[in-house]
Amino acid sequence: MGRKGSPRSPQAEGGSRAASPPPSSSSSPLWALPEELLLLICSYLDAQALGRLGQVCRRLRFFTSRDVLWRRIARGCLNSGFTQLGTDLAAGVPVKERVKVSRNWRHGRCRREILLKWKRNLMPWMELDGEYLYLSQAENIEAYRLCPDSTGLQRHPQAIFSGHQEDVCRFVLVNSHVVSGGGDGNIVLHKIHGSYSVKFSAHEQEVNCVDFQGGLIVSGSRDRTAKVWSLSTGRVGQCLHTVQTEDRVWSIAISPLLSSFVTGTACCGHTSPLRIWDFESGQLLTCLGTDFHRGAGVLDVFYETPSLLLSCGYDTYIRYWDIRTSTRKCVQEWEEPHDSALYCIRSDGNHMIASGSSYYGVVRLWDKRQTRCLQSFHLSSPTSSPVYCLRFSTTHLYAALASALHVLDFTTP
């Protein structure tokens, strides 16, 4: 038989009313206060105090677990699923649980595991999409289903996307489409759910990088050009603009406003390796930075917002740019402690940055509010390998090295 007045666990949103108290606590003057006042009082507590309050009784445990009380705390934590603007990227996961896991990220507490191995060295790229991980393997892209409630992958890929004659260099996953650039100079587009695919010749040499937004593809190549491609009906694969970068293009990204794109080049000339171009005209809008050394190529760029972006590359620095304030100098920078090139970078959209280094599979976590590296993980010792790509959720970080896919599980240290 069910007990009368047994508490109902609150859901992710803190709008539901607190459960009825057991008879032993019903006489407490605390519960005579309006719920809004109780929420206001609890909003002044930090994570430790709020957790201790929840240990007093069953009713307070449920009351203090409400998302509305933990959101303010979570927005100050690392990788809790909230962006700088407060957007919740992990809706449905209790915020209190995310705050707990965030402590493991900060202190480097995790369980390491190798998910996949392959026999020959590759330069893999990957993307996360909900329950699936997409990984390039030579000329193919394989989709693996993530095992629920564990760190593993299903042994065999759920789907394989092919079409390149040489290795896939990079690919993006946007709106149920996979767009890839390969060493054969081609761009291939696949629709994830269905058999639709398009392939077209894009560059004279390998396509080092691609991005896809709003029905347009941008690509960069070793042939020293960046190109804009249409995917509209009747114009699929038509080149709209060819930008002469006069340098090899290693990385590219479209602005969230869909009005411009940024290229990261090899920095073998006398111009900045970071340049922003107009989508409509293909003309140069601005250069970022003025004091790059020759050879300080930019290997990865990442837009957080339309005005904030991160870059990294051969000069061992992570740079944080705010194009609203200055295009001549970045607003923050962090140096790789061991003077290694930085192959890849990712941000949680708030306080945390993750980077992959060129030696010994070193993954580093950074807090933008600090000047030094927060945590580091050596994944390929004693054999050296770059971290070619990394992606993370609020609970796991995946790193693709030359011969293996590694995972760091921060839920079970």
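The values are calculated or read from the model by the stated rules, or taken from the named source; none is laboratory data. Computed from a predicted model, the values in this text were never measured in an experiment. Heads up, the Cβs are rebuilt from the backbone with ideal geometry, glycines too, and the neighbour counts pull from every protein chain shown. Remember, those area values only see protein heavy atoms, side chains included, never the ligands or the DNA or RNA. Shrake-Rupley method; radii C 1.70, N 1.55, O 1.52, S 1.80 Å.
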Exercise. Kindly indicate which of L310, L285 is modelled with pLDDT of 95 or more, in a strand (DSSP E or B), open to solvent by 40 Å² or more (accessible area, probe 1.4 Å) and farther than 17 Å from S358 by Cβ.
Key: L285
Quiz item: Looking at this structure, is N104 part of a helix (DSSP H, G or I) and at pLDDT 95 or above?
Solution: yes
Exercise. Give the residue that is most open to solvent (accessible area, probe 1.4 Å), with candidates limited to residues of the range 256-278 that are not small (G, A, S) and not in a strand (DSSP E or B).
Key: H270
Practice problem: Scan the range 105-119 and report the pairs whose first residue is at positive phi and whose second residue is open to solvent by less than 100 Å² (accessible area, probe 1.4 Å) and part of a strand (DSSP E or B), with Cβ atoms within less than 6 Å and a gap of 6+ or a chain change. | Solution: G108/Q375
Quiz item: Among G237, G220, G214, which is the only one that is in contact with a strand residue (DSSP E or B) (Cβ under 6 Å, 6 or more places away or on another chain) and farther than 25 Å from G297 by Cβ?
Solution: G237
Quiz item: Within the bounds of the range 32-45, is there any residue that is of a type in the set (D, E) and surrounded by 15 or more Cβ atoms within 10 Å (Cβ to Cβ)?
Solution: no
Exercise. Could you please tell me which pairs satisfy a Cβ distance under 6 Å, a separation of 6+ or placement on different chains, a first residue in the range 265-285 that is closer than 15 Å to S251 by Cα, and a second residue that is of a type in the set (V, I, T) and not in a loop (DSSP other than H, G, I, E, B)?
Key: T265/V249; P273/T265; P273/V298; L274/V298; R275/T263; I276/V262; I276/T286; W277/V243
Practice problem: Among the residues of the range 200-209, write down those that are touching an Asp or Glu at 6+ places or on another chain (Cβ under 6 Å) and either open to solvent by less than 40 Å² (accessible area, probe 1.4 Å) or of a type in the set (A, V, I, L, M) (or both). | Solution: H203
Quiz item: Are there any pairs, at least 6 apart or on different chains, whose C-beta atoms fall under 6 Å, with the first in the range 315-332 and open to solvent by 40 Å² or more (accessible area, probe 1.4 Å) and the second of a type in the set (D, E, K, R) and part of a strand (DSSP E or B), and if so, which?
Solution: Y317/E333; Y317/E335; V331/D322
Self-check item: Matching entry among P148, P124 (being within 22 Å of the chain's Cα centre (by Cα), crowded, with 20+ Cβ neighbours inside 10 Å and part of a loop (DSSP other than H, G, I, E, B))
Solution: P124
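Any idea which residue in the range 159-199 is least open to solvent (accessible area, probe 1.4 Å), counting only those that are aromatic (F, W, Y) and modelled with pLDDT of 95 or more? If you could, list the steps in order and put the result at the bottom.
Initially, the range 159-199 is screened for residues aromatic (F, W, Y), giving 161, 171, 196.
Checking the rest, the ones that are also modelled with pLDDT of 95 or more come to 161, 171.
Working: F161: 21, F171: 2 Å².
So, considering only residues that are aromatic (F, W, Y) and modelled with pLDDT of 95 or more, the one least open to solvent (accessible area, probe 1.4 Å) is F171.
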Practice problem: Name every residue in the range 189-210 that is part of a strand (DSSP E or B) and under 19 Å from D129 (Cα atoms), in order of residue number. | Solution: L189, H190, K191, V210
Quiz prompt | Residue, nearest to V99 (Cα to Cα), within the range 46-72, restricted to residues that are aliphatic (A, V, I, L, M), open to solvent by 10 Å² or more (accessible area, probe 1.4 Å) and out of contact with any Gly (no Cβ under 8 Å at 6 or more places or on another chain) | solution = A47
Quiz item: Do you know which of the residues in the range 73-99 that are free of Cβ contacts under 8 Å to residues at least 40 places away in the same chain and within 19 Å of D409 (Cα to Cα) is surrounded by the most Cβ atoms within 10 Å (Cβ to Cβ)?
Solution: K96
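Please indicate, with yes or no, whether at least one residue in the range 365-374 is open to solvent by 50 Å² or more (accessible area, probe 1.4 Å), of a type in the set (K, R) and either closer than 28 Å to G86 by Cα or not in a loop (DSSP other than H, G, I, E, B) (or both). Don't jump to the end; show me each part of the working.
As a first pass, look at the range 365-374 and keep what is open to solvent by 50 Å² or more (accessible area, probe 1.4 Å): 369-372.
From what is left, the residues that are of a type in the set (K, R) are 369, 372.
Subset that is either closer than 28 Å to G86 by Cα or not in a loop (DSSP other than H, G, I, E, B) (or both): 369, 372.
Within the range 365-374 (the criterion being open to solvent by 50 Å² or more (accessible area, probe 1.4 Å), of a type in the set (K, R) and either closer than 28 Å to G86 by Cα or not in a loop (DSSP other than H, G, I, E, B) (or both)), the answer is yes, since at least one residue qualifies.
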